[in-house]
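**Student:** Dropping the structure in here first, questions after.
The values are calculated or read from the model by the stated rules, or taken from the named source; none is laboratory data. Note that this is a predicted model, so its numbers are computed, not measured. For neighbour counting, all protein chains shown are included, and Cβ atoms are generated from backbone atoms with ideal geometry for every residue, glycine included.
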Amino acid sequence: MNETIGESQEVQKLLEKIFSSRAQTRVVQHFLDRPKEFFNLSRIAKETGLAHSTIHRVMQPLVDLGLIKEIKVGQQIRLFILETEDHKTKILADFYSQIKPYLES
């Protein structure tokens, strides 16, 4: 039983990290809607309607969690893509695909 409580607490912490802000939630949704596309910070900002500084702030926690993969191109260009092989991302993508019809209605 202690393992179940421990696992439940870990899941709760993970969910709090992923959905810690509306901006971060919007960015996660953006990537889940386009799982095979690469984005730079400016494109994410433009397509989500969020400020570039906000995107810059919310991306690192998502990279640290393993949900988003960061690819450095040169010294200043960074591209981001959904980390589709990560177990947490797979669970989140499955959940999102099931709940998305309810979000659209």
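**Student:** Show the residue pairs that are 6+ apart or on different chains and have beta-carbon atoms under 6 Å apart, the first residue being within the stretch 84-102 and free of Cβ contacts under 8 Å to residues at least 60 places away in the same chain, the second being not β-branched (Val, Ile, Thr).
**Tutor:** Thr84/Pro35; Asp86/Gly66; Thr89/Leu67; Thr89/Glu83
**Student:** Under 9 Å between Cβ atoms, which residue pairs at least 6 apart in sequence (or on different chains) link something in the stretch 57-75 that is polar (S, T, N, Q) with a partner that is in a strand (DSSP E or B)?
**Tutor:** So the pair list comes out as Gln60/Glu70.
**Student:** Looking at the stretch 8-18, can you tell me whether even one residue there is in a helix (DSSP H, G or I), loosely packed, with under 13 Cβ neighbours inside 10 Å and modelled with pLDDT of 90 or more?
**Tutor:** Initial filter on the stretch 8-18 (in a helix (DSSP H, G or I)): 8-18.
Still in the list and also loosely packed, with under 13 Cβ neighbours inside 10 Å: 8-13, 15-16.
Imposing the further condition that a residue be modelled with pLDDT of 90 or more reduces the set to none.
No, every residue in the stretch 8-18 fails to be in a helix (DSSP H, G or I), loosely packed, with under 13 Cβ neighbours inside 10 Å and modelled with pLDDT of 90 or more.
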